[in-house]
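Visitor: The structure follows.
The values are calculated or read from the model by the stated rules, or taken from the named source; none is laboratory data. Computed from a predicted model, the values in this text were never measured in an experiment. We place every Cβ from the backbone using ideal geometry, glycine too, and count neighbours over all the protein chains shown. With ligands, DNA and RNA removed, areas are computed over all heavy atoms of the protein, side chains included. Shrake-Rupley method; radii C 1.70, N 1.55, O 1.52, S 1.80 Å.
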Amino acid sequence: MKNILIPLLLCATASFADLADQATPADKVKIAKGFKVELLYSVPKEQEGSWVSMTQDDQGRMICSDQYGALYRITPPALSGSPGETKVEKLSIDFGHCQGLLYHAGALYGVVNDEAYQGRGLYRCKDTNGDDQFDAVELLRSFPGKAGEHGPHGVIASPDGKSLYVMCGNQTPEPSCETSLVPRHWAEDQLYPMLTGRGFMRDVLAPGGWMAKADLDGKKWELVNIGTRNTYDIAMNHNGDIFGFDADMEWDTGMPWYRPTRVCFMQSGGDFGWRTCSKKFPERWEDSLPPVVDIGPGSPTGVAFGYGAKFPAKYQEALFICDWSYGKMYAVHLSPNGGGYSGVAEEFMSAAPLPLTDIEVSKKDGAMYVSVGGRKVQSGLYRVSYIGTEKTDPAKPTDFGLMIDDALEERGILELLHTDQMADAIKKSKLNVDLCWRFLGHTDRNIRFAARIALEHQPISSWKDKALNETYPRAALTALMALARSSGGDKALQQPILAALNKIDFKALKGIDRVTLIRDYMLAFTRMGEPDVATKEALIKHLGPLFPTNDPALNRDLCEVLVYLGDPDIVAKAEPLVNGSPTQEEQIDYARILRFAKTGWTKELRADYFSWFLRAANYKGGASFDLFIGEIKQNALSTMTEEEKLAIKDVLDAKPEAKAPSFTAKPIQFVKAWTLDELSKSLGVGLEGNRNFANGRNMFGAATCFACHRFNNEGGAVGPDLTSVAGKYSPRDLLEHILEPSKEISDQYGSTVFTLQDGSTVIGRIANMKENNMMVCTNMMDPNNFTNVDARKVVKTEESKISMMPPGLLFMLKEDDILDLMAYLLSKGNPDDPMFVK
């Protein structure tokens, strides 16, 4: 064992270069008010590697694993009193390479994510002779697949201590679990072939990432949920519900199927909709589960609840989540929301760089221990404690709503029917089908989902006729989704399902119910095949007049179904939306959907469609962006005859002009350098019942807001999600933030000034790291354009006082346009808000 004395606070005047072999100093780490950060240990990279996972043993010591090496045991100094020693010991057992660690029931469980030892899998280490050293290691369950960062990750214990939960990324095929809470008929469920972009994991099909439950000996495994991308870690709340922080695919940035990093409630039987490349399910589709809260771009790593921390009550109950690439830890404040949860993310801790990997709340001293490292970057161990004036008495879960209420209890009852062990009892009694049916039409999405999964576990013969004859629309939508998914491809079921769907009055439905109706039609095709010509014609006659609606997302689903069916009128109605939609993502989606349309084209429509690609050449996105756009164009060209191509040769041969992206078909020009005083005079009466919703949404695109900001599940994700601004700001304050973005910069989206040895500076946000290289994003409008910065050449870092959001975005809009935009933001995207003209 070696004893190392680590200064608890490094000198604020020390240069970055001087500290090249140390983790970011504590005084450079921003922390929530009342909290204190200590850097306990900077890991000697050449000797002890880069730490990526952490657990604590029964003596309050931390155990960390190098990503590519051994295990280390850390004894922190006392929390109070004068600074003491941080003792670091390399464990003698030949084991490590773990991206998940758990000390439980006197043993150390480790999840190996490469080919070390006996390869990827769940291992258990034991101390067999009582000498305080692990001396025996056994492989409990191996995981198939190749080594990669999307492999096996976190492991936690169940509340009763008799089971483990293991989280794996989408490079890890499901290891033939003995039982499954997820009905084993998952599929890709898309009408058209995918776009591949750069093709990362293009051959990986559902289920993607998954979570499973195992006994302590790793003998019996049960699949709990599927459809995540790369959730690194999981944590369980007082109710026994598990949460994970799932990864985005940064190469998809700017595309309609991009999904930000997000906190998910890992519900029983759940499918979170990850499919490879362009096949990801949008949040609105009810055959998947929505997130609790979107975070934005990043690289999710460790998560933990604050239970047991000597923190103020709200932080004790918070879910803490780590973002490796942007160096931020968030405290997510959760609240029950029907059968699921909602959440609000608060930035808790941040620095540049701060490659966070894991969190442990000490059962011994009530402090939070935080590791940084990974990908061979500089690693370290921090401690966070509270020194403020608020009380730190143990919080009661009921103080924050985390108790079993009726909706959560109803979901829990339904989940009892997810287990395969219930199969025999289910076959003997229709009572279980009746129980499911009671909740198929529930107003809460999580409960409907639980009821549908329970129903899909029942023999289809026991409920097929009931589904086809259900008259309550909401219950029918859920039941028919279950029937299509459970059909096993039985073509004989397609006509009865379509007939049942046709009986549902679309105009009587609202919101997500309309979306689910159209999604059910999709599933009737993806699961049971293409319908015959007569059926297609009848469906076109039934569904064609419904397009367009006042719901932009629903329109895209409806358009896709009508193109699939061969509606001769849909091209004329939908093609203008390729150039006319206010968001880059919406334009791309219409271009994608129409690429296989074979009927209804005119020369003018073709020319307008392909002219859009000249505009799209200036749009920005992730690493696959240009390739995705190119694939769409090539697919569309493949449907044309040589004669049709010749008719629009001038458009096809045209070269794009390099210029700033414009999301409006008609160019906008400078109007006026508006001031807050000028515009605020109109905010009162000007917002009362005479605003235009469609124009407000269009102006959100014209002012390039959609390029960076997410709003009502649309738009980019490199800036703050603006959906909730109505609850945070008055109209005047919101307007001030837009006009003067640098007046107050969100901690979550602030940038850093890196001063180099040669005196030059780079301003932006660290988006990725490997060893000594930092990839800095310097332009929010171009998220794939990075500047490489050598960490060894940085002499100083400081917060930028200038927002990455450019000023003057409203100077191109007229006053009425600005007021429509303000009403759109304040309405949370609701066209029925009283601010809008009916």
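Visitor: Take GLY199 and decide whether it is touching a residue at least 24 places away in the same chain (Cβ under 8 Å), touching a strand residue (DSSP E or B) at 6+ places or on another chain (Cβ under 9 Å) and not basic (Lys, Arg).
Guide: no
Visitor: Scan segment 473-527 for residues that are under 17 Å from TYR564 (Cα atoms), of a type in the set (S, T, N, Q) and open to solvent by less than 10 Å² (accessible area, probe 1.4 Å) and jot them down.
Guide: GLN494
Visitor: Hey, another quick one. Can you name every residue in segment 606-622 that is in a helix (DSSP H, G or I) and open to solvent by less than 10 Å² (accessible area, probe 1.4 Å)?
Guide: Within segment 606-622, TYR609, PHE610, TRP612, ALA616 meet the criteria.
Visitor: Follow-up question, since we're still on this one. Taking only segment 167-186 into account, find how many residues are among the charged types (D, E, K, R) and open to solvent by 40 Å² or more (accessible area, probe 1.4 Å).
Guide: Total satisfying the criteria: 2.
Visitor: Could you say which residue among LYS598, LYS603, LYS649, LYS645 is charged (D, E, K, R), touching a Leu at 6+ places or on another chain (Cβ under 8 Å), without any contact (Cβ under 8 Å) to a residue 60 or more places away in the chain and open to solvent by 10 Å² or more (accessible area, probe 1.4 Å)?
Guide: When all the criteria are applied, what remains is LYS645.
Visitor: Which condition breaks for PRO77 when tested against (1) surrounded by 14 or more Cβ atoms within 10 Å (Cβ to Cβ); (2) farther than 23 Å from ALA367 by Cα?
Guide: Only one criterion in (1) surrounded by 14 or more Cβ atoms within 10 Å (Cβ to Cβ); (2) farther than 23 Å from ALA367 by Cα is unmet by PRO77, namely (2).
Visitor: Inside segment 534-584, can you point out the residues that are part of a loop (DSSP other than H, G, I, E, B), buried (at least 17 other Cβ atoms within 10 Å of the Cβ) and at pLDDT 95 or above?
Guide: Residues satisfying the conditions are PHE547, ASP567, GLU575.
Visitor: Does segment 308-323 include one or more residues that are of a type in the set (A, V, I, L, M, F, W, C) and assigned to a helix (DSSP H, G or I)?
Guide: Within segment 308-323, one or more residues are of a type in the set (A, V, I, L, M, F, W, C) and assigned to a helix (DSSP H, G or I).
Visitor: Please work out which residue is nearest to SER53 (Cα to Cα), limiting yourself to segment 142-166 and to residues that are open to solvent by 40 Å² or more (accessible area, probe 1.4 Å) and not polar (S, T, N, Q).
Guide: Applying the filter and picking the extreme gives GLU149.
Visitor: Considering every residue within segment 721-729, establish whether at least one is more than 18 Å from ASP833 (Cα to Cα) and either open to solvent by 30 Å² or more (accessible area, probe 1.4 Å) or in contact with a Cys (Cβ under 8 Å, 6 or more places away or on another chain) (or both).
Guide: Among the residues of segment 721-729, at least one is more than 18 Å from ASP833 (Cα to Cα) and either open to solvent by 30 Å² or more (accessible area, probe 1.4 Å) or in contact with a Cys (Cβ under 8 Å, 6 or more places away or on another chain) (or both), which makes the answer yes.
Visitor: Failed condition for GLY343, given (1) modelled with pLDDT under 95; (2) open to solvent by 10 Å² or more (accessible area, probe 1.4 Å), with all others met?
Guide: (1)
So that you can scan it fast, the table gives a plain yes or no per residue for (1) over 25 Å from the mean Cα position of the chain (by Cα); (2) of a type in the set (Phe, Trp, Tyr); (3) open to solvent by 30 Å² or more (accessible area, probe 1.4 Å):
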site	(1), (2), (3)
PHE754	yes, yes, no
SER760	yes, no, yes
ILE766	no, no, no
LYS770	no, no, yes
ASN773	yes, no, yes
THR778	no, no, yes
ARG792	yes, no, yes
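Visitor: Taking helices (runs of 4 or more DSSP H) that fall entirely within segment 402-515, which contain at least 1 residues that are more than 26 Å from the chain's Cα centre (by Cα) and at pLDDT below 95?
Guide: It comes to 406-415, 423-428, 431-440.
Visitor: With the condition being more than 16 Å from ILE234 (Cα to Cα), I'd like the strands (runs of 3 or more DSSP E) fully within segment 328-367 carrying at least 1 qualifying residues.
Guide: It comes to 328-337, 340-350.
Visitor: Report, by residue number, each residue of segment 740-784 that is at pLDDT below 75 and part of a loop (DSSP other than H, G, I, E, B).
Guide: Within segment 740-784, SER742, LYS743, GLU744, ILE745, SER746, GLY750, ASN779, MET780, MET781, ASP782, PRO783, ASN784 qualify.
Visitor: Is there a residue in segment 208-230 that is within 20 Å of TYR330 (Cβ to Cβ) and assigned to a loop (DSSP other than H, G, I, E, B)?
Guide: Checked against the condition, which is being within 20 Å of TYR330 (Cβ to Cβ) and assigned to a loop (DSSP other than H, G, I, E, B), segment 208-230 yields at least one hit.
Visitor: So how many residues does segment 790-821 have that are within 22 Å of ALA703 (Cα to Cα) and modelled with pLDDT under 85?
Guide: 9
Visitor: Would you confirm whether or not segment 231-249 contains a residue that is crowded, with 24+ Cβ neighbours inside 10 Å, of a type in the set (Phe, Trp, Tyr), assigned to a loop (DSSP other than H, G, I, E, B) and touching a His at 6+ places or on another chain (Cβ under 6 Å)?
Guide: Looking for residues that are crowded, with 24+ Cβ neighbours inside 10 Å, of a type in the set (Phe, Trp, Tyr), assigned to a loop (DSSP other than H, G, I, E, B) and touching a His at 6+ places or on another chain (Cβ under 6 Å), one finds at least one in segment 231-249, hence yes.
Visitor: What residue, among those in segment 795-838 that are among the aliphatic types (A, V, I, L, M) and part of a loop (DSSP other than H, G, I, E, B), is most open to solvent (accessible area, probe 1.4 Å)?
Guide: Across segment 795-838, the extreme among qualifying residues is ILE802.
Visitor: Just the residues that are over 20 Å from GLY701 (Cβ atoms) and part of a helix (DSSP H, G or I), please, taken from segment 722-739.
Guide: Selection gives GLY727, PRO731, ARG732, ASP733, GLU736.
Visitor: Collect the residues in segment 379-390 that are of a type in the set (S, T, N, Q) and either assigned to a strand (DSSP E or B) or more than 27 Å from the chain's Cα centre (by Cα) (or both), keeping them in residue-number order.
Guide: SER385, THR389
Visitor: Within the bounds of segment 270-286, is there any residue that is among the small types (Gly, Ala, Ser), open to solvent by 10 Å² or more (accessible area, probe 1.4 Å), part of a loop (DSSP other than H, G, I, E, B) and touching an Asp or Glu at 6+ places or on another chain (Cβ under 8 Å)?
Guide: no
Visitor: Give the number of residues within segment 187-230 that are within 22 Å of PRO459 (Cα to Cα), crowded, with 23+ Cβ neighbours inside 10 Å and touching a Cys at 6+ places or on another chain (Cβ under 8 Å).
Guide: 0
Visitor: Enumerate the pairs (first residue in segment 789-801 and under 12 Å from THR761 (Cα atoms); second residue anywhere and of a type in the set (Asp, Glu) and open to solvent by 90 Å² or more (accessible area, probe 1.4 Å)) with beta-carbon separation below 9 Å, excluding pairs fewer than 6 apart on the same chain, so at least 6 apart or on different chains.
Guide: Going by the 9 Å Cβ cut-off, the qualifying pairs are LYS793/ASP758; VAL795/ASP18.
Visitor: For segment 120-135, give me each residue that is in contact with a Ser or Thr (Cβ under 6 Å, 6 or more places away or on another chain) and open to solvent by less than 40 Å² (accessible area, probe 1.4 Å).
Guide: Across segment 120-135, the qualifying residues are GLY121, GLN133.
Conditions tested, residue by residue: (1) open to solvent by 30 Å² or more (accessible area, probe 1.4 Å); (2) in a helix (DSSP H, G or I).
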position	(1), (2)
TRP674	yes, no
GLU678	yes, yes
LEU683	no, no
GLY696	no, yes
PHE700	no, yes
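Visitor: Need a quick list: strands (runs of 3 or more DSSP E) entirely within segment 53-131 having at least 3 residues that are under 21 Å from VAL372 (Cα atoms).
Guide: Fully inside segment 53-131 and qualifying: 62-66, 71-75, 86-90, 98-104, 107-112.
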